[in-house]
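Asks: Got a structure here, written out as structure tokens. Questions coming.
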Amino acid sequence: MSHTEFSKNTALFSIGFTEKSAARFFTLLKSKNVRTLLDVRLQNTSQLAGFAKKEDLKFFLKEICNIDYLEVPELHPESKLLKDYKNKKIDWDYYSNRYMELLEKRSVANILDPMIFDNGCLLCSEHQPHQCHRRLAIDYLNDKWKNRFKVEHLK
């Protein structure tokens, strides 16, 4: 199926694991019938991630919800860019513009298969999507793929 043949308005969700208990996190995913959790975190092995640490998360997703796990490094921000934003060396506008340029430079809309996003859920750490690269990634892909996704940010 080519990028132009896919159906529009397929579900795509996003979620941040912070400020959520494991029960809330997995209940949200299960209630939306998420097929694949798409991990777009640059740092996904830290002990600070708790239940959302990469290897543990793969196990929990499959056992609790029968959801597949897929890391999507093409949507990771660059380390320096993220560090500068978190350390307040750059503001959100600068960060978001550089991140969108990075997605364009990587040609992610041409590299990634849109089917992996169908009924998928992008995962990052930020509780709210407003100032998180997962929202930017969704906006970018929706623009490139002609508003394919009906997006819901899970809280």
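What follows draws every value from the coordinates through simple rules; no lab data is involved. For clarity, every value in this text was computed on a predicted model and none was experimentally measured. We place every Cβ from the backbone using ideal geometry, glycine too, and count neighbours over all the protein chains shown.
Asks: Taking amide H positions as placed 1.01 Å from N in the peptide plane, with prolines and chain starts having none, which residues 5 or more places from Leu122, or on another chain, fall under 5 Å of its amide H?
Replies: Close amide H contacts, sequence-distant or interchain: Phe13, Ser14, Ile15, Leu38.
Asks: I would also like to ask the following. Among residues other than Asp93 whose Cβ falls under 15 Å from its Cβ, what is the net charge (Lys/Arg +1, Asp/Glu -1)? List each step's numbers first, then the result.
Replies: Numbers: positive: Lys88, Lys89, Arg98, Arg135; negative: Asp84, Asp91, Glu101, Asp139.
Net charge in that neighbourhood comes out at 0.
Asks: Right, another one. Quote the relative contact order of the chain in percent (integer), defining contacts as alpha-carbon pairs under 8 Å separated by 6+ residues. If you can, show how the numbers build up before the last one.
Replies: Numbers: 213 pairs, mean separation 71.6, N = 155.
In percent, rounded to a whole number, it is 46.
Asks: Once you sort the root eigenvalues of the Cα gyration tensor of the range 74-133 as a ≥ b ≥ c, which label holds: rounded (a/c under 1.5), prolate (a/b larger than b/c) or oblate (the other case)?
Replies: Values: a/c = 2.59, a/b = 1.49, b/c = 1.74.
Cα axes put the range 74-133 in the oblate bin.
Asks: I would also like to ask the following. Scan the chain and report its longest stretch carrying no GluC sites (Glu not before Pro) that are both in a DSSP loop and have at most 15 other Cβ atoms within 10 Å. Write out the running numbers ahead of the final one.
Replies: Details: sites that count: Glu5, Glu19, Glu78.
Longest site-free region, per DSSP loop and neighbour criteria: 79-155.
Asks: What's log10 of I(q)/I(0) for the chain at q = 0.09, 0.13, 0.16, 0.21 Å⁻¹, Debye sum over Cα points only, no solvent?
Replies: -0.27, -0.57, -0.88, -1.45
Asks: Also, quick follow-up: Please give the charge dipole size of the range 53-155, origin at the Cα centre, charges +1 on K and R Cβ atoms and -1 on D and E Cβ atoms. Round to the nearest 20 debye.
Replies: Values: 19 positive and 18 negative charges, 50 e Å.
Once rounded to the nearest 20, the dipole reads 240 debye.
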